[in-house]
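The values are calculated or read from the model by the stated rules, or taken from the named source; none is laboratory data. Note that the structure is predicted; figures quoted are calculated from it, not measured. Ideal geometry is used to build each Cβ from the backbone, glycine not excepted, and the neighbour counts take in all protein chains shown.
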Amino acid sequence: PRRQRPLASPAGPSDPSPQLAASAPGHPSWAAVAMDFMRPQVTPAVSSVRLFWKIVAFVLPGYTFVLMGTMMSSVDKAFIGRASSLQLAALGPATGAYDMSAFSLSFLGQATLALLGSPPPGLGRDALRSHALIFAAIAGAALGTTLAVFALPVVRVFGAQEAMVPHALAYLRVRSLCMFLGRTRDIANQFCLAEKDAITPFFSTIVAVVVNIIGDILLCERLGTLGAAIATDAASASALGFVVTRLRHRRLWPRPIRKPSRGDFAPFAEYAGPIFLNNVSKMVAIVLMGSFATRMGTAPGAAHQICISAWLLCGFTLGMPLSWAARAFLPASVEDSEYLRTFRVLLAATVAASITGAFLALALLNYGLVWFTRDPLVKDQVAGAAPAAVANVFLCVYYQSMEGVLITQKRLHALVRLGATLTAIFCVSSTILHFAGTLTLPMLWGALSTGVFGICTATTLVVADGLSKSRP
């Protein structure tokens, strides 16, 4: 009888993609070698040095696609700003409201990645993927519809003046009604990351950027903020289509889509609640920083925006893929014999990334100021806050990586307590300094860095306690 080709690769059930064909008997093709490197398995056969570079190969595309994703709104602003300063100003409240709302649902993606790395008993990965898609689409549609209905009071809360309101509403309502596209795309990207594939999300982001730029060229001059919203939604739909095509080719797209029951949400809720609260605490700290910096005056407020940009570009966006790497590479059980070795390799990659991020932030704040401002007063404020901001970038990358480790150890309550403690320490110290009249921008960033250093120390101790279970 004719032998049937196996559907799963030797990597096991977590990687059901077909094997790539070899170019000659006994000699794998270059494509097979490349895909094996980009789809690593943590086994004793993989040396620590090779595992380190596999983690780097995972993090770099992840960093790039997160970075390019954060630049999408900047592309819209560039095209709108050429047409109308009023509409450019209107984009601020509109994008702020949309981005904050979308970020509030990011816990679904993080919960999906954690569950795919360690599925609950009796629930297969295909069912998890199906349920995650439905939950994300429903949550995105519900939140988006609510945001569209209450768009007028929302943009006013975010500071839209009367002349800006029509333009802000046009952007926010169109983006909100298509929010389910972006949230579904986020979940689909998590399916790829769970298979240690950061290349597919990277290329999907390139597709989105290209479509967004073409759409802005065609629509922004004629339709203004409405055209920018349509272009961005078209970009999200194109990127989602690309990811879905890749997932179906690799047999990672759930078929059929199963209707979940109320009980099926329980595994997501176990992760979603703590991760959501942790995200909220971060949002509170960021908003409070901006509020204090704005009250200091024009120059400190502008300098703070430059420091925040450096933190986002060099810290937050670099720490996020390291958090994904922790959940993608660390074994599901702390008691696994490979857990401790994999953690040590991840820690080495984290330290290297932290140093790299701090160096990039230092270079940006010292030599890249001409891209942001020519005002000498603003430059002086940035120079004063730069040391604390660079230190915060270093700590931020490390902290986000350790957050991923805490999630793999299922120390979710510790994650919430640490995040809430950091926010509380920063809020109290900054408020005291503000009412004492001694709060400056360097002190504001210094207070945050001191708090993050303390939380990093506490997080390290919690992680070390969890690692004690993996030692023989």
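Does G224 count as on the phi > 0 side of the Ramachandran plot, surrounded by 23 or more Cβ atoms within 10 Å (Cβ to Cβ) and among the small types (G, A, S)?
On the way: on the phi > 0 side of the Ramachandran plot: yes; surrounded by 23 or more Cβ atoms within 10 Å (Cβ to Cβ): yes; among the small types (G, A, S): yes.
Yes; evaluated as a whole, the condition is true for this residue.
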Wholly inside the range 197-295, helices (runs of 4 or more DSSP H) that include 2 or more residues that are out of contact with any Asp or Glu (no Cβ under 7 Å at 6 or more places or on another chain), in the same structural domain as Q400 (by TED's automatic domain parsing) and modelled with pLDDT under 90 are 266-295
Exception for V46 within (1) of a type outside the set (S, T, N, Q); (2) modelled with pLDDT of 75 or more; (3) surrounded by fewer than 19 Cβ atoms within 10 Å (Cβ to Cβ) falls at (2)
Here the qualifying pairs (Cβ atoms under 6 Å; residues six or more apart or on different chains; first in the range 336-347 and assigned by TED's automatic domain parsing to the domain that holds A325 and within 13 Å of K54 (Cβ to Cβ); second modelled with pLDDT under 90 and β-branched (V, I, T)) come out as T342/V42
Within the range 61-118, the residues that are in contact (Cβ under 8 Å) with a residue 40 or more places away in the chain, among the polar types (S, T, N, Q), assigned to a helix (DSSP H, G or I) and over 23 Å from G140 (Cα atoms) are T64, Q87
Per the filter on the range 410-433, residues closer than 20 Å to A386 by Cα and touching a residue at least 24 places away in the same chain (Cβ under 8 Å) are F426, S430
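Just checking, which of G124, G96, G109, G140 is assigned by TED's automatic domain parsing to the domain that holds T184, of a type outside the set (S, T, Y), under 16 Å from I257 (Cβ atoms) and out of contact with any Leu (no Cβ under 8 Å at 6 or more places or on another chain)? Working first, answer last.
On the way: G96 fails: under 16 Å from I257 (Cβ atoms); G109 fails: under 16 Å from I257 (Cβ atoms); G140 fails: out of contact with any Leu (no Cβ under 8 Å at 6 or more places or on another chain).
On inspection, the qualifying residue turns out to be G124.
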Note on the range 103-113: residues out of contact with any Asp or Glu (no Cβ under 9 Å at 6 or more places or on another chain), within 19 Å of R411 (Cα to Cα) and among the hydrophobic types (A, V, I, L, M, F, W, C) are F107, L113
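Of R374, R344, R327, which residue is closer than 27 Å to G466 by Cβ and surrounded by fewer than 19 Cβ atoms within 10 Å (Cβ to Cβ)? Before you say what the answer is, go through the steps one by one.
Values: R374 fails: closer than 27 Å to G466 by Cβ; R327 fails: surrounded by fewer than 19 Cβ atoms within 10 Å (Cβ to Cβ).
Going through R374, R344, R327 in turn, the sole match is R344.
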Next item on the list: Evaluate the following for T457: is it without any contact (Cβ under 8 Å) to a residue 24 or more places away in the chain, touching a Phe, Trp or Tyr at 6+ places or on another chain (Cβ under 9 Å) and assigned to a helix (DSSP H, G or I)?
Entry: no
The condition of being modelled with pLDDT under 95 and surrounded by 18 or more Cβ atoms within 10 Å (Cβ to Cβ) holds, among E335, E403, only for E403
| request: Answer yes or no: is there a residue in the range 371-380 that is in a helix (DSSP H, G or I), of a type in the set (S, T, Y) and either over 27 Å from F453 (Cβ atoms) or free of Cβ contacts under 8 Å to residues at least 40 places away in the same chain (or both). | output: no
Just a yes or no: is a residue in the range 117-127 modelled with pLDDT of 80 or more and hydroxyl-bearing (S, T, Y)? no
